[in-house]
Amino acid sequence: MNEKKPQVWVFVEQRDGKPADVSLELLSKGRKLAESLRGELKAVLIGHDVEDLAKELFGYGASEVLLADHPELKHYNTLPYSRLVSELVDEHQPRIVLFGASFVGRDLAPRVASHTLSGLTADCTDLQISDVTYLRQDYAELLLQIRPAFGGNIIATIICPDSPVQMATVREGVMEKIPLAQPVDGRITPIPYTPQGPDELVRIIERHREDNKVDLKAAPIIVSGGYGMGNFQNFQILYELAHLIGGEVAGTRAAVDAGFIDHNRQVGQTGVTVRPKLYIACGISGAIQHRAGMQDANKIIAINSDPDAPIFGICHYRIVGDVMEVIPMLIDAYKHK
Ligand code: FAD
């Protein structure tokens, strides 16, 4: 009798037929996981008019794309999407299901996990297959779900041995997106969809794209402000400096919480990870959660009134002083150079 091969599934997130980077990164990683398990990699794709995208996924190693295509599925909608994925998981019992740790993945994955009574590790930064039979005899070929824990102080390896399906969400950008030189000869399996009453709790009338979305990852220079900037008004001076030197403005979580700057510009463990050529930290203490997002910058200049601020431990140039004195001096010097 032919034993069923273990299946690794990736939920492929799409917007207007374009895949999310994190989904392609997960397919690339999923290929390796499937190889280790001598199994198959499959993609789950939900949307409308997305057959071209389904074919594109063969180029990332998916041997089968489970495709639910319907006008009402054009945009992500919690109830129909989670119902579809949960029913598919129930029916096929894949070994592993992976989601991006995006707004969509963070909404969808817990619902599927709770429906299938599976464990779920959020915000993983690495995944591996390993035998941990030294812990228990039957812990063979488990998914090791690796992520920072306790405020980033340790890297935890998490297993869900009693879970029927191993599930994880994975942060964007931590895995490499590797297309195959030659796409696999895969197949598309249509998944029927029938709208149901409760699905209509949410109706998407119109979608607006945020125009001021900033790409901090691509910025060569970042001028970043912390709680030490004092107030919203003071914070505006950072835009002037950034504009002069061709940079973007970012901030710490304390600055975001205080309303000095928008959340989409937060750098750190729960914000964006950046590696600019130059990072100017203004009134930032240098908490570990902030450093996690910026310590790989090529050069770091820190301005802080406290000579013992931890940020001085990782910066290349230190300026001990009041931000509201030092930054105007920098702006002035730059204008007259
Ligand atoms: P503070 O720690 O209050 O530091 C302000 C600094 O400004 C001080 O060093 C002070 O000496 C200096 N200062 C004050 N006045 C002046 C002045 N006039 N001139 C010059 N310097 C001055 N934080 C993040 O940034 N990003 C994250 O993604 C993030 N994620 C987190 C996740 C978790 C689970 C937790 C628990 C925390 C997280 N934090 C994050 C919060 C983090 O722990 C710190 O609280 C935060 O980074 C502190 O921000 P700050 O440096 O702006 O403020």
Look at the stretch 174-206 and say how many of its residues are in contact with a strand residue (DSSP E or B) (Cβ under 9 Å, 6 or more places away or on another chain) and assigned to a loop (DSSP other than H, G, I, E, B). 7
All but one of (1) of a type in the set (Gly, Ala, Ser); (2) surrounded by 14 or more Cβ atoms within 10 Å (Cβ to Cβ); (3) not in a strand (DSSP E or B) hold for Ala122; state the number of the condition that does not hold. (3)
Has the stretch 188-204 got at least one residue that is out of contact with any Gly (no Cβ under 7 Å at 6 or more places or on another chain), at pLDDT 95 or above and within 19 Å of Leu24 (Cβ to Cβ)? yes
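Yes/no matrix, rows are residues, columns are (1) charged (D, E, K, R); (2) within 24 Å of Leu117 (Cβ to Cβ):
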| position | (1), (2) |
| --- | --- |
| Lys5 | yes, yes |
| Gly17 | no, no |
| Leu27 | no, no |
| Ser36 | no, no |
| His48 | no, no |
| Asp52 | yes, no |
| Asn77 | no, yes |
| Glu87 | yes, yes |
| Gln93 | no, yes |
Does Gln269 meet the test of being more than 9 Å from the ligand (Cβ to nearest atom), polar (S, T, N, Q) and not in a helix (DSSP H, G or I)? no
Which condition number in (1) within 16 Å of the ligand (Cβ to nearest atom); (2) in contact (Cβ under 8 Å) with a residue 40 or more places away in the chain; (3) basic (Lys, Arg); (4) crowded, with 19+ Cβ neighbours inside 10 Å is the one that Arg147 fails? (2)
The stretch 48-71, residues that are touching a helix residue (DSSP H, G or I) at 6+ places or on another chain (Cβ under 8 Å) and at negative phi: His48, Leu57, Tyr60, Ala62, Val65, Leu66, Leu67, Ala68, Asp69
State yes or no: is Arg203 within 12 Å of the ligand (Cβ to nearest atom) and of a type in the set (Lys, Arg)? no
Number of the exception - Asp126 against (1) free of Cβ contacts under 8 Å to residues at least 40 places away in the same chain; (2) more than 16 Å from the ligand (Cβ to nearest atom): (1)
Please give the number of the condition Gln137 fails out of (1) over 22 Å from Ala54 (Cα atoms); (2) in contact (Cβ under 8 Å) with a residue 12 or more places away in the chain. (2)
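The values are calculated or read from the model by the stated rules, or taken from the named source; none is laboratory data. What you see is a predicted model; the values in this text were computed from it and never measured. Quick reminder, even Gly has a Cβ in these numbers, built from the backbone with ideal geometry, and neighbours come from all protein chains shown.
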